[in-house]
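Let me begin by presenting the structure, written as structure tokens, before commenting on it.
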Amino acid sequence: MSMARRNGRYTVADHATWPEDERWELIGGEAHMMTPAPSGRHQQISVRLTSRLDVALENAPCVLYHAPTDLLFEATEETDTVVEPDLFVICGPHKSNGQVIGIPVLVIEILSPSTARRDKVVKRALYERVGVKEYWLVDPSNEIVDIMVHDGARFGPLQSYGQGDIIESTMLPGIAIEVKSVFAQKKLESDVDS
């Protein structure tokens, strides 16, 4: 059943009928199976970003969402794209009824070996086309955050931030995050070699 999904064109209506224990994204009608569960490192980075963004957005007219949350850019019978970014922020009016419908101001994808190409190429092109204002690619392996800002027509040049840098959102004033804090790892007693 899952394999058949890889060879067809689908809509959000089809997506809604698939088993909840299978995680899929649709991009232009093409089904992409999601990884079963992110790594612990991925989750720690997601939690750090979520906590920092949540505090920074406390008084803003924006809502922060995190995976697993389906994001649609439109909702029609023919809608053929539903994605599940790691984190995204929508400001102003939008719909949310199990699925969020709207264009985010900010989308953050945390790279993993199985999704890096899709995040860097396929989803980048999608987010650029629909007009996502700011796109962050968080690379745990290299401890770098790459940011692209939409200029109204396309994403501008990639800006890379590493250890010692502070990320300041162009689209969401007040967001300033130290890169080292995103990638900091806690060592617990059970993690230390004896």
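The values are calculated or read from the model by the stated rules, or taken from the named source; none is laboratory data. Everything numeric in this text was worked out from a predicted model, so none of it was measured. Every residue, glycine as well, gets a Cβ built from its backbone with ideal geometry; the counts of neighbours run over all protein chains shown. When the accessible area is computed, the model is the full protein with side chains, heavy atoms only, and any ligands, DNA or RNA have been set aside. Shrake-Rupley method; radii C 1.70, N 1.55, O 1.52, S 1.80 Å.
If A37 meets every condition in (1) within 29 Å of A13 (Cβ to Cβ); (2) open to solvent by 20 Å² or more (accessible area, probe 1.4 Å); (3) outside any loop (DSSP other than H, G, I, E, B) apart from one, which number is that one?
(3)
Do you know which of the residues in segment 46-80 that are over 12 Å from the mean Cα position of the chain (by Cα), surrounded by 16 or more Cβ atoms within 10 Å (Cβ to Cβ) and among the β-branched types (V, I, T) is farthest from S141 (Cα to Cα)?
That would be T79.
Would segment 129-137 turn up any residue that is outside any loop (DSSP other than H, G, I, E, B) and open to solvent by 50 Å² or more (accessible area, probe 1.4 Å)? Working first, answer last.
Kept after step one, since they are outside any loop (DSSP other than H, G, I, E, B), are these residues of segment 129-137: 129-130, 134-137.
Of the ones still in play, those that are also open to solvent by 50 Å² or more (accessible area, probe 1.4 Å) are 129.
Scanning segment 129-137, I find at least one residue that is outside any loop (DSSP other than H, G, I, E, B) and open to solvent by 50 Å² or more (accessible area, probe 1.4 Å), so the answer is yes.
Can you name every residue in segment 137-152 that is of a type in the set (A, V, I, L, M, F, W, C) and in contact with a Lys or Arg (Cβ under 8 Å, 6 or more places away or on another chain)? Outline the logic, then answer.
Our first condition is that a residue be of a type in the set (A, V, I, L, M, F, W, C); within segment 137-152, this holds for 137-138, 144-145, 147-149.
Answer for segment 137-152, where residues must be of a type in the set (A, V, I, L, M, F, W, C) and in contact with a Lys or Arg (Cβ under 8 Å, 6 or more places away or on another chain): L137, M148, V149.
What pairs can you find where one residue is in segment 34-62 and closer than 13 Å to V89 by Cα and among the β-branched types (V, I, T), the other is open to solvent by less than 40 Å² (accessible area, probe 1.4 Å) and assigned to a loop (DSSP other than H, G, I, E, B), and their Cβ atoms are less than 9 Å apart, with a gap of 6+ or different chains?
Close Cβ pairs (under 9 Å, with a partner that is open to solvent by less than 40 Å² (accessible area, probe 1.4 Å) and assigned to a loop (DSSP other than H, G, I, E, B)) do not exist here.
Inspect segment 81-90 for any residue being touching a Cys at 6+ places or on another chain (Cβ under 6 Å), on the phi < 0 side of the Ramachandran plot and open to solvent by 10 Å² or more (accessible area, probe 1.4 Å) and give the result as yes or no. Explain how you work it out, then say what you get.
In the first step, residues of segment 81-90 are kept if they are touching a Cys at 6+ places or on another chain (Cβ under 6 Å); the result is 89.
Okay, now just the ones that are also on the phi < 0 side of the Ramachandran plot, so 89.
Among the residues that remain, those that are also open to solvent by 10 Å² or more (accessible area, probe 1.4 Å) are: none.
Taking every residue of segment 81-90 in turn, none turns out to be touching a Cys at 6+ places or on another chain (Cβ under 6 Å), on the phi < 0 side of the Ramachandran plot and open to solvent by 10 Å² or more (accessible area, probe 1.4 Å).
Which pairs do you get when a residue that is within 21 Å of L87 (Cα to Cα), found in segment 144-173, comes within reach of a residue that is open to solvent by 60 Å² or more (accessible area, probe 1.4 Å) and part of a loop (DSSP other than H, G, I, E, B), reach meaning Cβ atoms under 6 angstrom, with the pair 6+ apart or on two chains?
As it stands, the answer is D146/L158; M148/L158; V149/T170; H150/K133; M171/K133, since those pairs meet every condition given.
Looking at L26, L64, can you tell me which residue is out of contact with any Lys or Arg (no Cβ under 8 Å at 6 or more places or on another chain) and more than 30 Å from K180 (Cβ to Cβ)? Outline the logic, then answer.
Numbers: L64 fails: more than 30 Å from K180 (Cβ to Cβ).
Among L26, L64, only L26 is out of contact with any Lys or Arg (no Cβ under 8 Å at 6 or more places or on another chain) and more than 30 Å from K180 (Cβ to Cβ).
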